[in-house]
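The values are calculated or read from the model by the stated rules, or taken from the named source; none is laboratory data. In this text, all values refer to a predicted model and were calculated from it rather than measured experimentally. Quick reminder, even Gly has a Cβ in these numbers, built from the backbone with ideal geometry, and neighbours come from all protein chains shown. With ligands, DNA and RNA removed, areas are computed over all heavy atoms of the protein, side chains included. Shrake-Rupley method; radii C 1.70, N 1.55, O 1.52, S 1.80 Å.
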Amino acid sequence: MPFPSGFIDEIRTRLRISEVVAPRVKLTRAGREWKACCPFHSEKSPSFTVNDDKGFYHCFGCGAHGDVVGFVMHFDHLAFPEAVEQLATQAGLKVPASNPEDRERYDHEKRLYDVMDMAAQWFRQCLDQPVGDAARQYLEHRGLTREAMERWRLGYAPNDGRVLLKHMRSKGASDAELLELGLARRREESGELFSFFRDRVIFPVDDRRGRVIAFGARLMEGDGPKYINSPDSPIFHKGEGLFGLARSRVASGAGQSMIVVEGYMDVITLAEAGFIGAVAPLGTALTESQITLLWRLCSPDALTVPGPYLCFDGDAAGERAAMRALDRLLPQLQPDRSALITFLPQGEDPDSLIRRRGPDALRAQLSQSLPISEVLWRTTVQRRSLTTPEARAGLRTELMKRIAAIRDNEVRESYRAEMTVRINHLLLPARRKKDSRHTAHSVGHTMTEAHQRPLPSNPQSQRAKQMLAIMLFHPYIFTEIDEDFAMLSMPEPRLDALHTEMINWLSEATAQENAHETLDAEAFASHLMQRGHAEALAELESSLRAHGWGALQRKSLDEAKDLWVSTFEHYQGHTARKMGAV
């Protein structure tokens, strides 16, 4: 809501920026300022400064800059009104209302937060009492310590349908509030109220500020749904939040990725094992709002902290959940905004994997995560036999139809280029499949192995340039390493555009019956020049001189291929090491 003129100035006057930053970032005095390693990007030496006299923070590394409100918005991932309200509370100021309706709504929502907190405290007390013995034993059997139960404010809802209502009424909560928050339901026949949560372990759901806004409840034994969740309310919308959100906000600043899992226990087990970026949807499939929220929570330096990782159980239900997530993800993809898909071993979920095999087992699985493009390819190809022209045409049609859902033009065109390469390679004419010198894989081998390699990411600049140069001088080797070449990522937009144009030309050339004649280095370079890539080609030439690669052009076809493969192996190895450091 809008705030009166002067209210924000009053907050800035009452709060020194250092006292707001210090609880979140370790500050060290440096003369009249404070210094620290920047919380908004990864660095080893401090370049982040906080100046109380001037009332602002500034990072000389990434350029982050702002006042006390901007810091809380950036660090806590809050909208402007939420940041102002949080700071006003810290400063001892009452948030003014711009009109009576806003004030009434604000007061009502604040009251609902208080009621939910009272309920969370009561559930927590029940877990520690004799009535909660079975629930405690269940959680201990799941590997949780008493300290972990306390950290996550876990609770227990007794089987008695009236005891919670009696307690909440004694604390001043009205029946209308209990109904509005989903803590109570009304019996149709008698109109009597009863507790919605009964004989279940309680998982409080927090918002970004750590306020309880809902509950998830786990059935320990007996009939009924395994999990039930609070219904939507004025303070809770299940498609917009994430379980574990308040704790996960510091993950990117700590150099960790966001990891999306399916269950509340998965989140707790991962966080207790050190994966502090673990979150889960709130009883629904991953929504567009939650995907947007995840990108906001991820590090702005995507090359340092990849993700988010979407982690799915190793069973049929996990595969179906992954397909639903893919449909939600594709329309929202943007440059440098994507995700990695992680499939766990058959019969495992994150909780069981860590408890049975330890955190390193999960790190190993994350290192084998697949980009969205790879999952899109596999899920489309695996359903088709491709034994007829109609089926092969159907593959191309289905892929392009799914890619058309991507709203961002640049990302959509990049996907089209990559999938064109894959389709052309998969459907190469039979004559070329038999050419042992120029073809490395059969159709079956391509489908089962070559297309199932995780895609490289976070490339090294010079290796990427060297592989471009090799392909420029020896385009025929594209017939053997086309897929790997298409998977490269370039260190800058100009080279990325050149790479895409090279893929397009090479894909068309290799599809011709006379490919051995079409794949001519001079014609290739001339085409690239005509398409406006002279500057990028000049940059490659400069790299050739700087790194002593002038002999590339004189190498034989086999020598060029061996050098390309060797360079690509080093490139992949570096990528795997970075992905393993999750």
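Which label belongs to the value computed from this structure, given these candidates for volume of the Cα convex hull per residue in Å³: (1) 165; (2) 178; (3) 200?
Of the labelled values, this structure produces (3).
Over the stretch 105-222, what percent of the accessible surface lies on carbon and sulfur atoms, probe 1.4 Å? The partial results should precede the final answer.
Numbers: 2470 of 5660 Å².
The value for the stretch 105-222 is 44 percent carbon and sulfur by accessible area.
Using alpha carbon coordinates only, what is the Rg to Rh ratio of the stretch 2-57, with Rh defined as the Kirkwood radius? Mind showing how you got there, number by number?
Working: Rg = 13.0 Å, Rh = 12.3 Å.
Answer for the stretch 2-57: 1.06.
Take the Cβ-Cβ distance between Ala497 and Asp232 as r, set R0 to 45 Å, and report the resulting FRET efficiency rounded to the nearest 0.05.
On the way: r = 45 Å, r/R0 = 1.01.
My answer for the efficiency is 0.50.
Let me spell out the model: positive unit charges on the Cβ of Lys and Arg, negative unit charges on the Cβ of Asp and Glu, origin at the Cα centre of the chain. What dipole size does that give, in debye rounded to 20? Each step should come with its number before you reach the end.
Working: 74 positive and 79 negative charges, 156 e Å.
Rounded to the nearest 20 debye, it is 760 debye.
For an R0 of 41 angstrom, estimate the FRET efficiency from the Cβ-Cβ distance between Glu101 and Arg146 and round to the nearest 0.05. Let's see the in-between values first.
Values: r = 46 Å, r/R0 = 1.12.
Efficiency, rounded to the nearest 0.05: 0.35.
What is the stretch 1-120's relative contact order, in percent, from Cα pairs under 8 angstrom and six or more apart in sequence?
Details: 124 pairs, mean separation 26.6, N = 120.
Relative CO of the stretch 1-120 lands at 22 percent.
Cα-based Rg (one decimal) and Dmax (whole number) for the stretch 1-136, in Å?
19.5, 57
Fully extended, how many nm does the chain gain between Ala30 and Ala534 (0.36 nm per residue separation, minus their Cα-Cα distance)? Could you put the intermediate results ahead of the total?
Values: separation 504, 0.36 × 504 = 181.44 nm, distance 4.87 nm.
Between Ala30 and Ala534, full extension yields an extra 176.6 nm.
In the structure shown, do any of Lys401/Lys561; Lys171/Lys226; Lys94/Lys166; Lys465/Lys555; Lys166/Lys226; Lys54/Lys110 have a Cα-Cα gap over 24 Å, and if so which?
Listed pairs above 24 Å: Lys401/Lys561; Lys171/Lys226; Lys94/Lys166; Lys166/Lys226; Lys54/Lys110.
At 25 °C and 0.890 mPa s, what whole-number value in µm²/s does Stokes-Einstein give for the translational diffusion of the stretch 473-520, with Rh from the Kirkwood sum over Cα pairs? Write down the numbers at each step before the final one.
On the way: Rh = 11.2 Å.
My calculation gives 219 µm²/s for D.
Within straight cross-link reach of Lys35, meaning Cα distance under 19 Å, which aspartates and glutamates are found once same-chain residues fewer than 8 apart are removed?
Glu19, Glu43, Asp52, Asp53, Asp67
Roughly what would the spin-label model give for Arg384 and Gln129, points 7 Å off Cα along C-beta, in nm?
A separation of 6.3 nm, rounded to one decimal place.
Which order do you get for Val21, Val131 if you rank them by accessible area with a 1.4 Å probe, largest at the top?
Order by accessible area, largest first: Val131, Val21.
Might you tell me the accessible area per residue for the chain, computed with a 1.4 Å probe and given in Å²?
With all protein chains present, the chain gives 46 Å² per residue.
How many angstrom lie between the Cα centre of the stretch 109-175 and the Cα centre of the stretch 225-271?
What the calculation gives is 19 Å, centre to centre.
From the helices alone, meaning DSSP H stretches of at least four residues, give me the mean residue ellipticity at 222 nm for the chain, per-run term -39500 (n - 2.57), in deg cm²/dmol to the nearest 500. List each step's numbers first, then the result.
Working: 27 runs with 290 residues, N = 582.
Estimated from H runs of four or more residues: -15000 deg cm²/dmol.
Once fully extended, how much extra length lies between Phe7 and Tyr138, figured as 0.36 nm per residue of separation less the alpha-carbon to alpha-carbon distance?
Details: separation 131, 0.36 × 131 = 47.16 nm, distance 4.97 nm.
Once the chain is fully extended between Phe7 and Tyr138, it gains 42.2 nm.
For the stretch 132-203, max minus min Cα coordinate along each principal axis, in Å, sorted largest first?
Dimensions of the stretch 132-203 along the principal axes of its Cα atoms: 42, 24, 17 Å.
Sequence gap at least 6, Cα distance under 8 Å: using those rules, report the relative contact order of the chain to the nearest whole percent. Mind showing how you got there, number by number?
Details: 812 pairs, mean separation 47.3, N = 582.
For the chain, the relative contact order is 8 percent.
Give the calculated FRET efficiency between Ser543 and Cys62 to the nearest 0.05, with a Förster radius of 30 Å applied to their Cβ-Cβ distance.
Details: r = 27 Å, r/R0 = 0.90.
Once rounded, the FRET efficiency stands at 0.65.
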